[in-house]
1. At a Förster radius of 60 Å, what calculated FRET efficiency corresponds to the Cβ-Cβ distance of residue A:36 and residue A:559, to the nearest 0.05?
2. Between residue A:231 and residues 5 or more places away or on another chain, which pairs have amide H atoms under 5 Å apart, with H built 1.01 Å from N, and which residues are they?
3. Can you give the FRET efficiency to the nearest 0.05 for residue B:186 and residue B:85, using r as the Cβ-Cβ distance and R₀ = 56 Å?
4. Given 0.36 nm per residue, what is the gain on full extension from residue A:522 to residue A:435 after removing their alpha carbon distance, in nm?
5. Gain in length, residue A:655 to residue A:510, computed as 0.36 nm per residue apart minus the alpha-carbon separation, to one decimal in nm?
6. Using modelled amide H (1.01 Å from N, peptide plane; none on Pro or chain starts), what sits under 5 Å from the amide H of residue A:626, excluding residues fewer than 5 places away?
7. Per-residue mean of other chain beta-carbon atoms within 10 angstrom of the beta-carbon, peptide B:55-66?
8. Given the convex hull over the Cα atoms of the protein assembly as shown, what projected area results after averaging over all orientations, in nm²?
Amino acid sequence: MQPTSRRLLSVATTVVVSAGICLQAGIPPAAADMGAVLRYVCTTSAGTQEVGVRIAAATPPAAMVGMPVQLGTTEVAVDLPSGMLDDVFGVASAETPAGEVPSPGLGVEPFGVARLDVRIEQGERSWRAGWPDFALAAGAQRDGALQMMGHGVTPPVTPRDKGALRWMAGNLTLSLTTPGSERTSVPCSPKKAGELGRVEVQETRSTARGGTPGNTGGPQAAAEAQPDEPCPVIPPPGVDPRYAINDKDQQLAEILTSPPIPKGLVRNPESGYLDGLPYCITATGFANVKKLGTAVPISVETQLRRGVYVYRPSNGVMGTNRVEQFGYIQSSARPLEANVLAFGFMPTRASSEAIQVPPPAAEDGKPVTGNLRISALFNENLPPNDRDDSELFARSYIQLKAGDVSVNGVPLDVGDQCHSKTTLLDAYSYMGNQNMGYLIPSDGQTLQVRELTVPSFSGCGVDEDLSPLLTASISGGANYGLLDAGRWCSPTSGQNCDENGHGFNPETWTISPGGDVTATAHGLSLASGGSSVTCDLVTSKFHLDAQHWRARFALAKTDFSFSGCRLSIVNGTTIPVDLSQDGDSWLRGIQMASDDVVQLRFEGITLDASVKLSEDDDECRLRFGYASFFPPPTKELPTSINGNYNIRTGEIEASVSRAYVSPKTTCSIPGFRPTGLVTTSPLVFKVDPIQRITQP
Amino acid sequence: MRKLTRNALTVTAVAASAIALTSVPASAAGTWTVSPGGNISGSNTRPLTAVDTTTGSPVVCDVSTATGTAQSGSGLSGDGIASLTDVQFSTPGNPNDWCTGPVGIVVQVTATNLPWTFNAASYDSASGVTSGSLTGVSATIHGSDECDASITGPGGAPGTIEGSYTNGANTLGVTGGNLEVTTVDADCDPSLIGVGDQVVLDGEYTVTPGQTITSP
């Protein structure tokens, strides 16, 4: 299967294709409330003012370790003193009759946004709560003070320990305006630290037995991890029925059997499942919704179990050179905002996330996890004897949730239950072949979100049903996405994890100016046993797309040509030869070695020379590449050329990786024994035009 | 339970035996002549391959080097005729330059229980080939999937590799032996490596300076 062009990705969507969590925490009805009145000192251009802020939300009376704690709708009320209204809204506000909305000068209602920094504390641990901004609308004015109110749904919290879970208020930033005016940003600091509320967390039975809280949490646990908290470990098979391979849902199960399992592979274990290996992955990219025609950034964090069952060769040395690894995935949402033109003309700002949900027909809502499959070569040092392609498939079901919508600057209250119907998220990654080289799955890859249908929305709006509006502006088919995943973080060992225990962002590159590129080097030499093939000039031609944030793998297909080549035999004979590259070769990015130096690799190098040792001899072939020696007989494989590219000088200092005289060589040339090791000369390619490559 | 992993590394053993220069007595009671002897180094002429024959999992190292010493002179015993003090394995271009395992895993191979000792056993004067064994061989392996395993002889004792050195070509080929997987940790995928799995090697080294080994 050939890789799909990266031009697949074009435009973006307000729909963030991150698999998230079902928002229903399943906690008992609220029997206690969060309520706090806080005093803030706010700074405007005229000075400081004291502002009162009230926060209220229903809280569950108790919580369990590993189970998400979801507050009820959080109400925010900000009392702006009369002395502040002039600074913020620009005109002195006359006393407004009670019950009427004030009209500061322009005859229109003020509105704004409140951003409250809230931290969660439990024991000695503290982390950001990640509360969203609250859209504020003007309420009544009394005694000269203007009350502005808002409400929203705050992210649930999954406690990992027993004991008191406390919400602590920090700084407040108000962004206030009236229609047609510029926003006024008002920073505020609390007069003293304030606890908004607390919930007592108890142990579950499993954690009391010594289990790991993260492993006993529901699907919410994985996706609701706060940014400051390490990425959770989703449990292995058999621990929680919500985490498992789904072989019942037709769409999810399809990737388990398509493409078909190659012949000659055996299942391990024969029945049941292995624990597999847990990973956390951060992926970022862009998505498009056909109707909106705008690129929107998307960000996804995924937890997965890889290899809970595996199909591998019955004979790893002589058997089918394929391996199939199966596992399951659970993704976490990173709510993102997008600014788009709905219907092509309405400036709309919205935050949205995708929430991973069970399949529509799941009897008991289990499992919630999607399916994962990695299909690759078992031994890259043996030639493929079945398919050559290395691929990754992932499928899950999601609902798209919209919130914090504002149209033309006016908040549109879509409520906290505005979501689409369930739809299938189908992601695919092509990870290479012999000529492109192979990606190690845990090094990260580019994932295509294949045609995504955004279903109709429901539950949108508070006083009126806004669902048809969202459906009309977003829903439909032919939506795509392209994400780059960073190195897979191992949450159990910490390998490839950032300081917060999450996967690193992908190491993407930006290339300019792009275009058709020619790289030339002088003086290639392939020598063995006193004989050599030398060429005056080596030329590589390829086309680079000028792109931001592109993946490093498979940068360009390259054409190699060689001129001025001759065979010098140890007996003193010199014969001109035509040397050529056999098959496709690809240029691949490895990593940024420094600000100026980029590591590159030309993959798929197999050199072929047609030789006529004398007038009386038939033409024979002299070939060079890599070789696989075990098991015998020795087999030809492509080799590669590694290089360090200096973006300032435009030079690639390169050398051929291990090269051997190919066993497919038909010439009998002293010194060039088939399967013999070949010594190669270093090469310095000059790149024209010089390409600037930076990260990201 | 186990996780995805890689497999046994017998590459170290391959390298070790590849480097070992042995003078082999023509008979059990024969003596050996090594010239010039002294400090020796070796580099592989083809990839070192180790295969877990139980699971079929391979580990391939493109580059291996070793250093040691060989005895010099005549009337030498075949036992301990040479020793290896350092052995290294890598595949430049892989992450960390580690060797290539199955399923995209890369593997760090570390020779342990050095120095290893080469013992000459027999000599074929017609072909100039000395056959012998490298003893004291053991290694540890660490995979990019966090699997850690050890390779030794049976029961955890140091292992043995067989090899043959060719005068003139100055090459040492390695094969066979009694190496097996002795320990694995919880990160190791049992479908790739397990305790008791047998390991076979394949490799060839060029020895520098070239040695001439005969018996007597």
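1. Computed FRET efficiency for residue A:36 and residue A:559 comes out at 0.30.
2. A:502
3. Efficiency computed from Cβ-Cβ geometry: 0.95.
4. Working it through step by step, the gained length comes to 28.9 nm.
5. 49.7 nm
6. Here the answer is A:637, A:639, A:660, since their amide H atoms fall under 5 Å of that of residue A:626.
7. Taking the mean over all residues of the peptide, I get 4.
8. Hull-based average projected area comes out at 43.7 nm².
The values are calculated or read from the model by the stated rules, or taken from the named source; none is laboratory data. Nothing here was measured: the structure is a model prediction, and the numbers come from that model. Cβ sites come from the backbone with ideal geometry, for glycine too, and all protein chains shown count toward neighbours. All accessible areas refer to the heavy atoms of the entire protein, side chains included, with ligands and DNA or RNA removed. Shrake-Rupley method; radii C 1.70, N 1.55, O 1.52, S 1.80 Å.
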